[in-house]
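Asks: Please see the structure below; I have some questions.
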Amino acid sequence: MSRVALVTGGTRGIGRAISEALKEAGYTVAASYAGNDEAAAKFKDETGIAVYKFDVGDFDSCAAAIAQIKEDLGAVEVLVNNAGITRDKPLHKMDKEHWDAVINTNLTGLFNMCRNVIDDMRGAGFGRIVSISSINGQKGQFGQSNYAAAKAGDIGFSKALALENASKGITVNVVAPGYIATEMVMAVPEKVLNEVIIPQIPVGRLGQAEEIARCVVFLASDDAGLITGSTISANGGQYMA
């Protein structure tokens, strides 16, 4: 019987690539989304992957969704925390709601998800948790004090969780992408991409969502059992942590 993998924010962008790659690798995949019903329905039709709508920033919603996934597919054995949002502004222009929204989704969301799967993983003696951080959680970024704080927090959270659960057969790791050719990045003006962003990347190109997905598939595999508490920086050499 294939292992059950849950990918949050798993119907679009990097999350979609991860969901598809895990399915191709033989996992039974569930993908969550927060609000875009049309995109989620299209994703489900095209991939055959089950979708579940809930807010990772709401603990009770996470608990209910994970219970439903367990009933439908089985206990979650691989959790990929990919869901995230941005609300970019310099701190002197940032409202508290912008801070709270990003921290609640991008950092508290990890607690909400992990807390609701960790008991089953510990009981089974196996689990894989992979969280998607960001290059900007490693080096910081202008206008992203909220996002950088959350993504840096994801790394610290994962290190602590890895220590707590290593003896139970559970690994906890992070992938920190750089600039990836998602819909959001490709919406940046071409001049900015070609003259500002790409020249900062030593490999000379944007990353592809499938490259991030391959990192996740490896960390979810039995072959990665010795790797825990680690961060893979997939950024083309733009920042070397």
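Values quoted throughout were computed directly from the atomic coordinates according to the rules given, and no laboratory measurement underlies them. Since we're looking at a predicted model, the values are computed, not measured. Glycine also receives a Cβ, built like all others from the backbone with ideal geometry; neighbour counts cover every protein chain displayed.
Asks: Name the most mobile residue of ASN194, ASN146, ASN81, meaning the one with the largest mean-square fluctuation, in a Gaussian network model of the chain with Cα contacts below 10 Å.
Replies: ASN194
Asks: Quick one: which residues, 5 or more positions from GLY207 or on another chain, have an amide H under 5 Å from its amide H? H modelled 1.01 Å from N in the peptide plane, none for Pro or chain starts.
Replies: So GLY207 has HN proximity to TYR179, ILE180, ALA181.
Asks: Now a separate question. Please compute one quarter of the surface area of the Cα convex hull for region 118-160 and express it in square nanometres.
Replies: Value for region 118-160: 3.4 nm².
Asks: Take the chain, connect every pair of alpha-carbon atoms lying under 10 Å apart with a spring to form a Gaussian network, then pick out the residue of MET186, MET113, MET121 with the largest mean-square fluctuation.
Replies: MET186
Asks: OK, next. Give me the percent of DSSP beta bridges within the chain that run antiparallel, rounded to the nearest 5. Numbers along the way, then the final one.
Replies: Details: 0 of 26 bridges.
Here the antiparallel bridges make up roughly 0 percent for the chain.
Asks: When you have a sec, figure out the Kirkwood radius of region 117-241 from all distinct Cα pair distances and drop it here in Å to one decimal?
Replies: On the way: mean 1/r = 0.0644 Å⁻¹.
Roughly 15.5 Å, rounded to one decimal.
Asks: Give the span of region 63-187's Cα atoms along each principal axis, as three whole-Å numbers ordered largest to smallest.
Replies: Over region 63-187, Cα extents along the principal axes are 47, 29, 28 Å.
Asks: Can you give the charge dipole size of the chain about its Cα centre, rounded to the nearest 20 debye, using +1 on the beta carbon of Lys and Arg and -1 on the beta carbon of Asp and Glu?
Replies: That gives a dipole near 540 debye.
Asks: Here's another thing I want to ask about it. Please order HIS92, HIS98 by the number of other Cβ within 10 Å, starting at the fewest.
Replies: Final ranking by Cβ density, sparse to dense: HIS92, HIS98.
Asks: While we're looking at this one, here's another question. Which of the DSSP-defined H helices in the chain satisfy a minimum axial length of 27 Å, computed from C-alpha atoms, and a minimum mean Kyte-Doolittle hydropathy of -1.0? Present the calculation step by step, with values, prior to reporting the outcome.
Replies: Numbers: long enough: 145-165 (30 Å, 0.01).
Result, helices passing both filters: 145-165.
Asks: Pop the C-beta distance of GLU71 and ARG205 into the FRET formula with R0 = 35 Å and round what comes out to the nearest 0.05.
Replies: Working: r = 43 Å, r/R0 = 1.24.
That pair, GLU71 with ARG205, gives E of 0.20.
Asks: Here's another thing I want to ask about it. Pick out, from TYR179, SER145, THR231, the residue whose Cα sits farthest towards the positive end of the charge dipole of region 86-241, with +1 on the Cβ of Lys and Arg and -1 on the Cβ of Asp and Glu.
Replies: My answer, from the dipole projection, is SER145.
Asks: Something else now. Among the chymotrypsin sites (Phe, Trp or Tyr not before Pro) within region 129-163, which fall in a DSSP loop and have no more than 12 other Cβ atoms within 10 Å of their own Cβ?
Replies: On the way: sites: PHE142, TYR147, PHE157; in loops: PHE142.
Listed in order of number, the matching sites are PHE142.
Asks: Next question, about the same structure. Kindly flag which residue pairs out of LYS70/LYS159; LYS151/LYS191; LYS89/LYS151; LYS53/LYS168; LYS53/LYS93 have an alpha-carbon separation exceeding 20 Å in this structure.
Replies: On the way: LYS70/LYS159 26 Å; LYS151/LYS191 28 Å; LYS89/LYS151 16 Å; LYS53/LYS168 30 Å; LYS53/LYS93 32 Å.
Result: LYS70/LYS159; LYS151/LYS191; LYS53/LYS168; LYS53/LYS93 exceed 20 Å.
Asks: Let me ask another. Over 19 Å apart: what share of the alpha carbon pairs of region 30-119 falls there, rounded to a whole percent?
Replies: 45
Asks: Rounded to the nearest whole Å³, what is the per residue volume of the convex hull around the Cα atoms of region 172-241?
Replies: On the way: hull volume 6.0 nm³, N = 70.
Taking only Cα atoms, region 172-241 has a hull volume of 85 Å³ per residue.
Asks: While we're looking at this one, here's another question. Could you please rank TYR33, TYR239, TYR52, placing first whichever residue has the fewest other Cβ atoms within 10 Å of its Cβ?
Replies: With the fewest neighbours first, TYR33, TYR239, TYR52 line up as TYR239, TYR52, TYR33.
Asks: What does the chain give for Rg and for Dmax, in Å, if only its C-alpha atoms count?
Replies: 17.1, 53
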